[in-house]
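Asker: Attaching a single structure in structure tokens format; questions to follow.
The values are calculated or read from the model by the stated rules, or taken from the named source; none is laboratory data. Model, not experiment: these values are computed from the prediction. Heads up, the Cβs are rebuilt from the backbone with ideal geometry, glycines too, and the neighbour counts pull from every protein chain shown. Please note that ligands, DNA and RNA were not included when accessible areas were found on the heavy atoms of the full protein model with its side chains. Shrake-Rupley method; radii C 1.70, N 1.55, O 1.52, S 1.80 Å.
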Amino acid sequence: MTNPFEFAKEQLIKATSCLKLGQGDVEKLLSYKNVLEAELEVDGDNFTAYRAQHNNALGPFKGGIRFHPDVSLNEVKALSMWMTWKTALLNLPFGGGKGGVSCNPKELTQEKLEGISRAYVRAFYKNLGPDADVPAPDVNTNPRIMMWMRDEYERLAGKPCPAAFTGKPVDAGGSLGRDEATGRGGFIIARELTRKLKMKPEETTVAVQGIGNVGYGVANLLHFNGYKVVGLSDSKGGIYDPEGLHPERLLKLKFEHGSLQKVCSVDKEAEKHQLVSNEELLELGVDFLIPAALENQITKQNAEKICAKVIIELANGPTTPDAEKILADREVMVVPDILANAGGVTVSYFEWLQNRKGERWKLDKVNTELETYMKKALSEVMAAAGEYSTDLRTAGLIIASKRVLSAMK
Ligand code: GLU
């Protein structure tokens, strides 16, 4: 069994050895403030729920809540540690947390989902709040779920607390641009790399694994900015077309027909696309490969077969440390999750700020600020990679762990 928590530790230890930190400091960085677990009982069914709070030296714990059958304690622990590094790298006044409920939302009614969302808040209420721990959407959770959670939180608090959750619907205290922020952040990184590597968008091919909020968002922005999105996939399989795909059209059809591959059997235009498995999608000969689904996708089993020039991690933890070594030897550049997918939490920060200050930012302001944060973090990571002669992930972790450690001290 692969254990993302072991991977998260291994990545950090590599960075701390570049910094020549002592054992005491490494232990400080690896230690958890709280790891919480609860059984949620909702209309006669039980669901296990978690909230891992890794580090809050820089500010309240921050990070999403996912609903997925594979959610486990080790997974949320790893994800919460990655959130600590992500918020620190982006210079946001937050620490790292992550939560999850082991359930399959595809099989649940809206009533049950609402029940789970509200029960989650009741279970962890004492540890949450705008100054304590601010959750947000993650895999299979969305603005609606954040709205239920905010509502439940306020019921218990007996007062309005809009800043207790981010990623809310815009009409319920959410920020413009939050929904597409992770995809947009990934797009900004892709565009900046295109410039730095002196590539041309129209000659740059892209494959995106996952067509959820994040994968769709980045694919769509790349497509409309002239990039050639040649591969796309959902959990049932992938499609490929060297002539390019139309993400927006395909997503609409996917909603009607159930899966991308099904679309190819019923739609005249989509019939031309080739069907590929999820494994084959990762192995396509593209310039940018964007995993935007779950962790552990690029492993030592398939790393030799990855033909992409650059991997831009929009999922959390898609590349294992074993795979990363193989990719480094093969000179495949990996833009780490803690940088590439930080657009979401960055706009979550803007939402939290707006809620606290009683402001409403225009979309232009949100996107301009997001761009500033993403570009700054990218340049800092590039500079640190040069300074320490290391890969981009280790460079990001070096910057983040220095900031966290100095705040702890
Ligand atoms: N779930 C997202 C992430 O992994 C967003 C977290 C947030 O907005 O707090 O970064």
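Asker: Bin width 5 Å, alpha-carbon pairs only: give the P(r) of region 114-266 as whole percents, running from 0 to the bin holding the largest distance.
Answerer: Final binned percentages: 2, 9, 16, 16, 13, 12, 11, 10, 7, 4, 1, 0.
Asker: Tell me, what is the FRET efficiency for Glu37 and Ser235 to the nearest 0.05, using R0 = 30 angstrom and their Cβ-Cβ distance as r?
Answerer: Values: r = 27 Å, r/R0 = 0.89.
Result of the calculation: an efficiency of 0.65.
Asker: Ignoring ligands, DNA and RNA, please state the percent of accessible area on region 32-162 from carbon and sulfur, probe 1.4 Å. All intermediate terms of the calculation are to be shown ahead of the outcome.
Answerer: Values: 2120 of 4840 Å².
Looking at region 32-162 in its full context, I get 44 percent from C and S.
Asker: With every protein chain in place, what's the accessible area of Cys18 (1.4 Å probe, Å², nearest 10)?
Answerer: Answer for Cys18: close to 40 Å² accessible.
Asker: For region 16-157, just say rounded, prolate or oblate: build the C-alpha gyration tensor, square-root its eigenvalues into a ≥ b ≥ c, call rounded for a/c under 1.5, and beyond that prolate if a/b exceeds b/c, oblate if not. Let's see the in-between values first.
Answerer: Working: a/c = 2.29, a/b = 1.86, b/c = 1.24.
Prolate, because a/c is 1.5 or more and a/b exceeds b/c.
Asker: Determine, for each peptide in 166-177, 378-389, the mean count of other beta carbons within 10 angstrom over its residues, then list the peptides with the highest first. Provide the component values of the computation, followed by the final result.
Answerer: Details: 166-177: 21.2, 378-389: 15.7.
Put in order of decreasing packing, that is 166-177, 378-389.
Asker: Here is a follow-up. Rounded to whole Å and sorted largest first, list the principal axis extents of the Cα atoms in region 270-409.
Answerer: Rounded to whole Å, the extents work out to 49, 45, 21 Å.
Asker: Something else: If we sort 141-149, 3-11 on the protection proxy, mean other Cβ atoms within 10 Å, highest first, what's the order?
Answerer: Numbers: 141-149: 21.8, 3-11: 19.2.
The most tightly packed comes first, giving 141-149, 3-11.
Asker: Among 307-317, 222-232, how do they line up from the highest to the lowest mean number of other beta-carbon atoms within 10 Å?
Answerer: Values: 307-317: 23.7, 222-232: 21.3.
Most protected by this proxy first, the peptides run 307-317, 222-232.
Asker: Separate question: Give me the 1.4 Å probe accessible area per residue for region 1-120, excluding ligands and nucleic acids, in Å².
Answerer: Details: 4660 Å² over 120 residues.
With the other protein chains kept in place, region 1-120 gives 39 Å² per residue.
Asker: Over region 181-340, one equal point on each Cα, no solvent: what is log10 I(q)/I(0) by the Debye formula at q = 0.10, 0.11, 0.12 Å⁻¹?
Answerer: -0.31, -0.37, -0.45
Asker: Related question: Restricting to DSSP loop positions (anything but H, G, I, E, B) with no more than 12 other Cβ atoms inside 10 Å of their own Cβ, which trypsin sites (Lys or Arg not before Pro) remain in region 174-206? Write down the numbers at each step before the final one.
Answerer: On the way: sites: Arg178, Arg184, Arg191, Arg195, Lys196, Lys198; in loops: Arg178, Lys198.
Loop-located and lightly packed - Lys198.
Asker: To continue, here is another question. Give me the percent of accessible area attributable to carbon and sulfur for region 181-340, probe 1.4 angstrom. Please report the intermediate quantities before stating the final value.
Answerer: Working: 3220 of 6520 Å².
For region 181-340, the apolar C and S fraction of the accessible surface comes to 49 percent.
Asker: Using the heavy atoms of the protein chains alone and a 1.4 angstrom probe, what is the accessible area of region 181-340 per residue in square angstrom? Show your work: numbers first, answer last.
Answerer: On the way: 6520 Å² over 160 residues.
Roughly 41 Å² per residue, with all protein chains present.
Asker: With only Lys, Arg, Asp and Glu charged, each at its Cβ (+1 for the first two, -1 for the last two), find how big the charge dipole of region 181-340 is about the Cα centre; round to the nearest 20 debye.
Answerer: Using only the charged Cβ atoms, the result is roughly 380 debye.
Asker: Now, a different point. Stretched out fully, how many nm does the piece from Lys126 to Asp25 gain, at 0.36 nm a residue minus the Cα gap?
Answerer: 33.5 nm
Asker: How large is log10 of I(q)/I(0) for region 300-355 at q = 0.14, 0.25, 0.26 Å⁻¹ when the intensity is taken from the Debye formula with one equal scatterer per alpha-carbon?
Answerer: Log10 I(q)/I(0), no solvent term: -0.45, -0.94, -1.00.
Asker: Let me ask something else. Go from 0 up to the bin containing the longest alpha carbon distance in the chain, width 10 Å each, and give me the % of pairs per bin.
Answerer: Once binned at 10 Å, the Cα pair distances of the chain give 5, 24, 33, 27, 10, 1, 0.
Asker: Moving to a separate point now. Counting only pairs 8 or more places apart or on different chains, how many lysine pairs in region 32-162 have C-alpha atoms closer than 16 Å?
Answerer: Taking the Cα cut-off of 16 Å, the pair count is 13.
Asker: Let me make sure I get this right: for region 113-198, a, b and c are the square roots of the gyration tensor eigenvalues over alpha carbons, sorted descending. Under 1.5 in a/c it's rounded, otherwise prolate if a/b > b/c, else oblate. Which is it? Display every interim value, and only then the final one.
Answerer: Values: a/c = 2.68, a/b = 2.60, b/c = 1.03.
Taking the square roots of the gyration eigenvalues as a ≥ b ≥ c, region 113-198 is prolate.
Asker: Charges at C-beta only: +1 for Lys and Arg, -1 for Asp and Glu. How large is the resulting dipole of the chain about its Cα centre, in Debye rounded to 20?
Answerer: Values: 52 positive and 54 negative charges, 267 e Å.
Value, rounded to 20: 1280 debye.
Asker: Give the shape of region 50-114 as rounded, prolate or oblate, defined through the alpha-carbon gyration tensor: a ≥ b ≥ c are the square roots of its eigenvalues, a/c under 1.5 means rounded, and otherwise the shape is prolate if a/b is larger than b/c and oblate if not. Spell out each step's value before the answer.
Answerer: On the way: a/c = 3.15, a/b = 2.26, b/c = 1.40.
Here region 50-114 falls in the prolate category.
Asker: Which value, in debye to the nearest 20, gives the size of the charge dipole of region 32-162 about its Cα centre, when Lys and Arg are +1 and Asp and Glu are -1 at the Cβ? The partial results should precede the final answer.
Answerer: Details: 16 positive and 16 negative charges, 104 e Å.
With Lys and Arg at +1 and Asp and Glu at -1, about 500 debye.
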